[in-house]
Amino acid sequence: MKKIHISLRKPQAGELKANRKVIAVCVVLAAMLFICFLDDFTPSGRVIPNYFKYVIVVSLIYSVASLGINFYSGYQGDTSLGHAVFFGTGAYVTAYLTTQFSGINFWASILIGMAFSAVLSLPVAWAGSRVKGSFMVVITYGYCEIFRYLAINSNTLGGTAGMAGIPSPKIFGVRITKIPWLPSNKDGFILILMAIVGFLALFTYRIVNSRVGYALAAVREDEIAAYAMGVNVKAYKRLAIITSAVITSVAGSFYAGFTNVADPSLFGATLSITIFTMLVIGGRRSISGAILGAFIVVICPELLRYVQDLIGLPFDPWYILYGLMLVIIMRFKPEGLLGTKES
Amino acid sequence: MEMLKVENLNVYYGNIHALKDMSLTVNEGEIVSLIGANGAGKSTLMLSIMHQIPAKTGKVLFQGKDCLTQKTFDIVKEGMTLVPEGRHVFPRTSVQDNLLLGAYYRRDKSEVKKDLNRIYEMFPRLQERRRQLAGTLSGGEQQMLATARALMSRPKMLLLDEPSMGLAPIIVDQIFDTIVRINKEGTTILLVEQNANQALRIADRGYVLETGEKTMEDAADKLLANDQIREAYLGA
């Protein structure tokens, strides 16, 4: 008998390419860090405008959300137009707890928000393990709207105005916006969010290349076969939704902590769709893609605002170009910019 | 020894009575074939044995344990695996990963590796193509893969649903040879087929299903010789 060498974990065709992608992302992140700290190296003071850093912080926050939805709409494969529920929940829990209870700090509120989101994702998970993917679009969308109306009509949550005056988070008693050795008030957020995005990227990578990841792939590709292989299909579907919700909630908490406001638009359909399109543009089931997608969707409208002023357009061209961009990507690269092609 | 025992199983799809008082037994080491036309309830029976479709009344016992109170994935762990109709390989996953998914619930990595070697020995074709995406295999190769994948869970009993469907006659022969070989290596087999001739030829016993009811059961060679069966299913 000819002995064949088999390793259970062999590099796949796409993996070398994936490694290159990881390196590329690291380089980009390092470059961003360098730019943020450029001020430190220039004796004449500020060279990087704070506005630029603001855009980066928002991009990083949405990267977290995009990595979150990747677990559900990417690895499990069903479309969600309701992830704003979890984003909004994170934001509102942080808003409520940090403004109403002086004892609870920002970091604790993130954890509580995660727990809340996990609980709120249970009905979706329950539904998701019972119906086919396309129905989930309607279910998630409707679920999200329920929470928007709850937020609008609740006095405790501030109604349409939402909740303002959320304190910026503190680290070891120092406000994150006023860390003495950092040149601008955004740098603290940039560092922490980069760490979180990095951690999530690693976390996702490890999960996807484990038993759980293989099981999710089986569920995504063929439920009947997955059942026949002894995969608990329903449990994995639920797991994907809950994990996804919990991660998205972290993004919401940071959004509230960063902008100091939480309003009902955080439960809005627009935000849901934005989170979803970030993933689709970047590439479903691509970690670097999810991050890139978030940056594109955040940065492009900001750039266009500048262009609009420059050439004196009477309207904001973003939504036209946004639609156009989606059509073009779906036509020429339906797997997303960094996604892997599916035959 | 009785491996699988189905007693008075009744299954409904809404108002449609799909399986009527179905009873069958499969003994250890046997190949049992279920034959019948389209819509006779063969696949329904397979799926309700695996508890993918709930049964209204009746019993399914696998090695004396009730399957109807267990989830599908637990039944797989008990040692009964289904090769679903239409193959259902994971199309965008490599052949080898498909096989490894077959060993999904097993944690004994070194044994899994050994089994993988054994499978490649049995299906050299799959070894040649182990890096290829399963969706790009031919129909026959996909059927081989689906069967091999089921073997990766080390089943004591294998349910095969229409393994010859849509395949060229020469491939069908190969598939049936494989089934016999798997059986000789100690796996009990319940086979559902429209290709009654070949299914009965390799089987020890056979059951004939018609519109959800069992109309006949006998030793396979007796069924092959039966005039009624010959006329209705064997085209002779």
Members of segment A:227-238 found to be of a type in the set (A, V, I, L, M) and more than 7 Å from chain B (Cβ to nearest Cβ), listed by number:
A:233, A:235
Just to be sure, is residue B:86 within 30 Å of residue B:136 (Cβ to Cβ) and either out of contact with any helix residue (DSSP H, G or I) (no Cβ under 7 Å at 6 or more places or on another chain) or of a type in the set (Val, Ile, Thr) (or both)?
yes
Please indicate, with yes or no, whether at least one residue in segment A:110-130 is in contact (Cβ under 8 Å) with a residue 60 or more places away in the chain, in a helix (DSSP H, G or I) and over 24 Å from the mean Cα position of the chain (by Cα).
no
Kindly indicate whether residue B:209 is in a helix (DSSP H, G or I) and more than 25 Å from residue B:126 (Cα to Cα).
no
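Inspect segment B:25-43 for any residue being within 12 Å of chain A (Cβ to nearest Cβ) and either outside any loop (DSSP other than H, G, I, E, B) or in contact (Cβ under 8 Å) with a residue 60 or more places away in the chain (or both) and give the result as yes or no.
Yes, that holds for at least one residue.
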Residues that are small (Gly, Ala, Ser) and within 14 Å of chain A (Cβ to nearest Cβ): find the helices (runs of 4 or more DSSP H) completely inside segment B:93-191 holding 3 or more of those.
B:139-151
If I filter segment B:165-181 for residues that are surrounded by 14 or more Cβ atoms within 10 Å (Cβ to Cβ), in contact (Cβ under 8 Å) with a residue 40 or more places away in the chain and under 26 Å from residue B:11 (Cα atoms), do I get at least one hit?
yes
Pair list, Cβ under 7 Å, 6 or more apart: segment A:208-226 residue more than 9 Å from chain B (Cβ to nearest Cβ) and within 23 Å of residue A:134 (Cα to Cα), other residue acidic (Asp, Glu) and surrounded by fewer than 19 Cβ atoms within 10 Å (Cβ to Cβ):
none
Given the criteria among the aromatic types (Phe, Trp, Tyr), under 23 Å from residue A:77 (Cα atoms) and free of Cβ contacts under 8 Å to residues at least 40 places away in the same chain, does residue B:90 qualify?
no
For residue A:160, the lone unmet condition from (1) surrounded by 13 or more Cβ atoms within 10 Å (Cβ to Cβ); (2) in contact with a Pro (Cβ under 7 Å, 6 or more places away or on another chain) is (1)
Selection from segment A:244-265 of residues at pLDDT below 95 and either surrounded by fewer than 21 Cβ atoms within 10 Å (Cβ to Cβ) or under 30 Å from residue B:91 (Cα atoms) (or both) yields A:259, A:260, A:261, A:265
Leading residue by the ranking (farthest from the other protein chains (Cβ to nearest Cβ)) among those in segment B:73-92 that are surrounded by fewer than 21 Cβ atoms within 10 Å (Cβ to Cβ) and at positive phi
B:79
So, in segment A:131-176, how many residues would count as being part of a loop (DSSP other than H, G, I, E, B) and among the charged types (D, E, K, R)?
1
Members of segment A:322-340 that are surrounded by 15 or more Cβ atoms within 10 Å (Cβ to Cβ) and either part of a helix (DSSP H, G or I) or without any contact (Cβ under 8 Å) to a residue 60 or more places away in the chain (or both):
A:322, A:325, A:329, A:335, A:336, A:337, A:339
Test for residue A:197: is it more than 18 Å from the chain's Cα centre (by Cα) and more than 8 Å from every other protein chain (Cβ to nearest Cβ)
no
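Yes/no matrix, rows are residues, columns are (1) of a type in the set (Val, Ile, Thr); (2) within 21 Å of residue A:81 (Cα to Cα); (3) touching a Lys or Arg at 6+ places or on another chain (Cβ under 8 Å):
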{"position": "A:246", "(1), (2), (3)": "yes, yes, no"}
{"position": "A:258", "(1), (2), (3)": "no, no, no"}
{"position": "A:263", "(1), (2), (3)": "no, yes, no"}
{"position": "A:267", "(1), (2), (3)": "no, yes, yes"}
{"position": "A:279", "(1), (2), (3)": "no, yes, no"}
{"position": "A:285", "(1), (2), (3)": "no, yes, no"}
{"position": "A:312", "(1), (2), (3)": "no, no, no"}
{"position": "A:324", "(1), (2), (3)": "no, yes, no"}
Could you check residue B:81 against (1) touching a Pro at 6+ places or on another chain (Cβ under 9 Å); (2) free of Cβ contacts under 8 Å to residues at least 60 places away in the same chain; (3) hydroxyl-bearing (Ser, Thr, Tyr) and say which number it fails?
(2)
Can you pull out the residues in segment B:1-22 that are among the β-branched types (Val, Ile, Thr) and loosely packed, with under 14 Cβ neighbours inside 10 Å?
B:16
Working only within segment B:57-72, note down all residues that are outside any loop (DSSP other than H, G, I, E, B) and more than 10 Å from chain A (Cβ to nearest Cβ).
B:57, B:58, B:59, B:60, B:61, B:62, B:65, B:66
Restricting attention to segment B:153-164, and to residues there that are under 19 Å from residue B:62 (Cβ atoms) and not charged (D, E, K, R), which single residue is surrounded by the most Cβ atoms within 10 Å (Cβ to Cβ)?
B:160
One residue from A:94, A:98, A:140, A:204 being polar (S, T, N, Q), over 21 Å from residue A:264 (Cβ atoms) and surrounded by 17 or more Cβ atoms within 10 Å (Cβ to Cβ):
A:204
Tally time: how many residues in segment B:23-44 are buried (at least 17 other Cβ atoms within 10 Å of the Cβ), in contact with a Lys or Arg (Cβ under 6 Å, 6 or more places away or on another chain) and closer than 19 Å to residue B:75 by Cβ?
2
Might you check whether a residue that is surrounded by 17 or more Cβ atoms within 10 Å (Cβ to Cβ) and more than 26 Å from residue A:77 (Cβ to Cβ) occurs anywhere in segment B:97-109?
no
Quick one: would you say residue A:213 is surrounded by fewer than 22 Cβ atoms within 10 Å (Cβ to Cβ) and part of a helix (DSSP H, G or I)?
yes
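May I ask you to verify whether residue A:176 is of a type outside the set (Gly, Ala, Ser) and surrounded by fewer than 16 Cβ atoms within 10 Å (Cβ to Cβ)?
For residue A:176, the condition - of a type outside the set (Gly, Ala, Ser) and surrounded by fewer than 16 Cβ atoms within 10 Å (Cβ to Cβ) - is not met.
The values are calculated or read from the model by the stated rules, or taken from the named source; none is laboratory data. Everything quoted here is computed from the prediction, not taken from an experiment. Virtual Cβ from ideal backbone geometry, glycine too; neighbours counted across all protein chains shown.
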